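All remarks here apply to the structure that follows.
The values are calculated or read from the model by the stated rules, or taken from the named source; none is laboratory data. This is a predicted model, so every value here is computed, not measured. Please note: Cβ atoms are built from the backbone with ideal geometry, for glycine as well, and neighbour counts cover all protein chains shown. Quick note on the areas: whole protein, heavy atoms, side chains included, nothing else; ligands and nucleic acids left out. Shrake-Rupley method; radii C 1.70, N 1.55, O 1.52, S 1.80 Å.
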Amino acid sequence: MSLDLQLQASLENLPRWMEAISLEAEQMGLPEKRIREVELALEEALVNIVSYAYDEPAGKIQIRSFRDDAQSRWLIQITDQGKPFDVAKASDPDIQAPLSEREIGGLGIYLIRKLMDDVSYERRGNRNILTLYVKLPDSTAQNASGIPEPNP
């Protein structure tokens, strides 16, 4: 199982990306609650890229997913050629502060990091590569497989 879907960075394409990842998550054998967490994290990441990564005209976003059976996990790789932004280095919002005192923004990134088992970011050339890691249920582990490089 693997996914490779590249579309224009537009909110109109959000349902196509979400449907594809939801189907992959089901095929990975994830429980329903975990599928919803993956969907929420992915949606937050995609909306941030669509909203902030590109000036007009918008570029493309590529989503690839693949199993890493050696580590018993599923990787969702989101690649864009927008402005650099390292999700892993963004500071957490102060969720203890009263709503009236909280700064705007940052909650989506916080959710992504809390919902996923791990998150990594890499800037490779002119590309942002955000990888979301999801542990697989024990029953889905199979033979080890390599992790492909993202398309240029």
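If the condition is being hydrophobic (A, V, I, L, M, F, W, C), at pLDDT 70 or above and open to solvent by 90 Å² or more (accessible area, probe 1.4 Å), then the stretch 60-111 contributes only Phe85. Glu43 - would you say it is farther than 22 Å from Asn126 by Cα and within 15 Å of the chain's Cα centre (by Cα)? Considered against the rule, which asks whether it is farther than 22 Å from Asn126 by Cα and within 15 Å of the chain's Cα centre (by Cα), Glu43 comes out as yes.
Residue check: Leu46 meets all listed conditions (1) farther than 19 Å from Gly108 by Cβ; (2) surrounded by 13 or more Cβ atoms within 10 Å (Cβ to Cβ) but one, namely (1). Scanning the stretch 27-42 for residues that are at pLDDT 95 or above and open to solvent by 80 Å² or more (accessible area, probe 1.4 Å) returns Glu32, Lys33, Arg36.
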